[in-house]
1. Each residue of the range 845-850 in order: what ³J(HN,Hα) in whole Hz does its phi give by Karplus 6.51 cos²θ - 1.76 cosθ + 1.60, θ = phi - 60°, with x for Gly and Pro?
2. Which aspartates and glutamates have a Cα lying under 14 Å from the Cα of K471, excluding residues fewer than 8 positions away in the same chain?
3. If you take the beta carbon distance between F584 and K764 as r and set R0 to 60 Å, what does 1/(1 + (r/R0)^6) give as a FRET efficiency, to the nearest 0.05?
4. How high is the FRET efficiency from K27 to T58, r the C-beta distance, R0 35 Å, rounded to 0.05?
5. Rank S640, T663, A604 by how far each Cα sits towards the positive end of the charge dipole of the chain (+1 on Lys, Arg Cβ; -1 on Asp, Glu Cβ) and give me just the farthest.
6. If you work out semi-axes √(5λ) of the Cα gyration tensor in Å from the coordinates, which of (i) 59, 40, 27; (ii) 49, 38, 29; (iii) 75, 37, 32 do you get?
7. Give me the number: length gained by fully extending A613 to W854, i.e. 0.36 nm times residue separation minus the C-alpha to C-alpha distance, one decimal in nm.
8. Contour minus end-to-end for S420 and L804, with contour as 0.36 nm per residue of separation and end-to-end as the Cα-Cα distance?
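Bear in mind that the values in this text are calculations on the coordinates, not laboratory data. This is a predicted model, so every value here is computed, not measured. A quick note on method: Cβ atoms are made from the backbone with ideal geometry, for glycine too, and the neighbour counts reach across all protein chains shown.
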Amino acid sequence: MTTRYFSYLFLFSLMSTCQLVGQVSHKKQLTEKEYDKWGTLGIKALSDNGKWASYEMTYKNQNDTLFLQSTNTKMSFSFPRGRDSRFAGENLFAYMVGDELRIYNLINHKNIIIKDVLSYDLTAGQKCIITLHKGNVLQVHNMDGKLVERMEHVNEYKINSDCTALVFTYKSGNEYLVESIKLSHYKHTVLSRSNTPFSRFTWQENGNTVAFANGSLLYYYQFDTNRLLSLDIPKEDGNNLIEIARGSLNPITIADDGKKVFFSTTKTSAGIPKKNEEKVEVWNGNDASLYPAQQALETSPIPKLTVWFPLENSYKVLSNEIEFRARLNATNDYVILSNPYSYGLQTKYYEEVDYYIKNVHTGSEKLFLKQQSHDPNQLCFSPTTNLIAYYRDKNWWLYNPEKDTTINLTKRIETIWDNSHEVPHQFRAYGCAGWTSDGKSILINDAYDIWKVSLEGFRAVRLTRGKEEQKIYRISKMEYEKIKLRGYETGGLRALFDLQKNSMLEVVNTLDWSMGYETYNSGTGLKIVAYDDMYFNGIKKSKNNCYLYSSQTFSQPPQIEFSSSAKSKSKTLFKSNKQHAEYFCGKSKLIHYSNSEGKKLKGALFFPAPFDASKTYPMIVSIYDQQSKKLHHYSNPTLSNEDGFAISNYTSSGYFVLLPDITYTVGAPGLSALDCVTAAVKTVIANENVDPGKIGLIGHSFGGYETDFIITQTDIFATAVSGAGMSNIVGRYFEIGKSITGQSEMWRFENQQFRMGSSYFRNKQAYWKNNPINESDNVKTPLLQWAGKKDRVIPYEQSVSFYLALRRLGIPTILLIYPDEVHSIEKTENQKDLSLRIAQWFDFYLKDKKDIRWINAGTIIQK
């Protein structure tokens, strides 16, 4: 080897080193004062033909910006404080700034501004712009912004679903009128007049009929015949004690066939019995419901679902005070009725009920399912027929109410349809994904894949192959956005898919948390749109199959990607938080470890920024449940966080952050958390540059309980922070919760997140073994707790109890109680206070910053 070669090699190395140093030296250390530079990227819309994209950046200081960008050229526009944007075809883009409606012409690049606007609508075919203004003024403009009509004293208006007509009510003198405007040829029609106000407008899906209310009168107008029909709400026992129920849970709806109008009736205030003023409350031991629930039902009127057949001049009351929960099927020919208190005191979030099915037309009723879970995801209605699918006894079944027949759809398929083989947070079936447009099949999810199952139950095809690679395939949420469930149809998926056309699927690899999007159709099968070691979200699809979505990693801020088809390579339209490149950035790494039973687990480990392999660093372990899936999630640095903890705040401050997965054994939630978390910590200590004496623990809610328990069993953590934690599970088991009226907290332990699996009386020892307060005399770890005083999920007194125990034991502890906060911190000033205090607490114990006055003053305990 020649001297000249060594010279070149030396020179090359020197230049490379200088270049590396130059690259590193321009980076800055992120500090708290710069957090407000970061914003959150959100995709708004993709135009019909995919030529334009709209997205936004939102900031904690509300200096938000709306963006409009061409997907084919470099043309882009930004609109500071822009909001409520939408496209009108490929020609117009509308958005609000303050009270101004601005409409940008995508062809000639001209702006139209309409002032003092409260809300707006763009009509079909780009015919009109409808704006509502202060003072109850409704205006109609053409697409050039020219005022077509101004209407005053408008109390309410409603545009039909395809934006071709609107109906509105206004006052003229001493009279109230209802009018409609057909926007295609701009024609007014007076529908009704009255001396009292009209309200509650609702359209039939095809826009052919409209219904509305006037006091106790319900109206129905049919446009093709110009007929106005009305129903005077029936009286009760001859007394005028009934009115149309209000509220979002009691809408007025019109069936798709236009022949049925649904609404709910309720007692007027004069018909509601006065609250029981007895001196003693009698809590009977054999009551089906607890006393507070009884009182709520007795003093609050129970709405009764009613159907009106306007063309037949008849009506039927469908529900009653016993079976008062009602759900309509998609065709509105049948209603499912139930009583949530059928089986008395239950310890399940979704109680078991008896389902009755009633024919809306004939009123005939029969018992449909006995002791069936009330989980709405286990009862699915066909979008086009009266067929009902339901999950029971480890199988999906199909019921035909017209023939009164039931078949087992999945008995021939060898797979698992629910998570009962795990130790779940809560029992759930993986669900019905939808129905096929040919009317022959239903789509059902198992743990990994999507199955097409024939409605005869004889044939089944697995559309995806996720099980082999442990990838979870699901139909993207985007595909369900077009479904508009009406009030009495909530619960029970009724999506319809044409498998000969592309449907968007989301795929997640559970081995390494890579993910992406794939299209499926029966002709070409699966085609990848995007797939990588990244986190993708927010996908939108144009009518001509262009795709817009966001991608990110922990070290790459979210960016907008566009693809003109499933086959084409994507291009980046926008990169958010470009200032990210100016600062040192950490990285994420997937770690693997095993619990004491040998079960393999994963954790997401985030590195300090910058990282020096010759040094050791403190580490914070954040716990809850399964968290390693956050491996590729970008973390904005911020003090405005509902639980006071943001990963990037700590990585940029010289901490490792670990999010370990926890797997559970029935009856041992605390011990399971201890086992998995300590195994993860030991694995990281053995393989990474972590100082074993400088490790902190943090958790919120159930993670707060786990934190409280873990520090009673081990001293490997130098300090801990517990938010809204439960420290006395035995005491809480015997309390009535505030988050659900009149329901005990037993369900939370026996059948939900605490996974005890049985009542306290059947396994007292397990309850006590996993109870933090019972083991509090073992704590050696300084603990900071916080809670909201108005928390309805976990009372702040749970934190007070643990505080009192540790205080009595002489353990360094401080409790922060926020008087006006709930389960999570919502007010910005309190979020910042909590975030700063948690950071200072960890710095105090893990970085030896001992000059923090409030900690010094608050943790001097006289033993």
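1. Karplus-based 3J(HN,Hα) across the range 845-850 equals 9, 10, 10, 6, 8, 8 Hz.
2. Straight-line reach from K471, under 14 Å: D446, D449, E506, D512, E518, D532, D533.
3. The calculated FRET efficiency here is 0.70.
4. Taking R0 as 35 Å, the efficiency between K27 and T58 is 0.85.
5. The residue sitting most towards the positive pole is A604.
6. Among (i) 59, 40, 27; (ii) 49, 38, 29; (iii) 75, 37, 32, the one derived from this structure is (ii).
7. 83.3 nm
8. 134.4 nm
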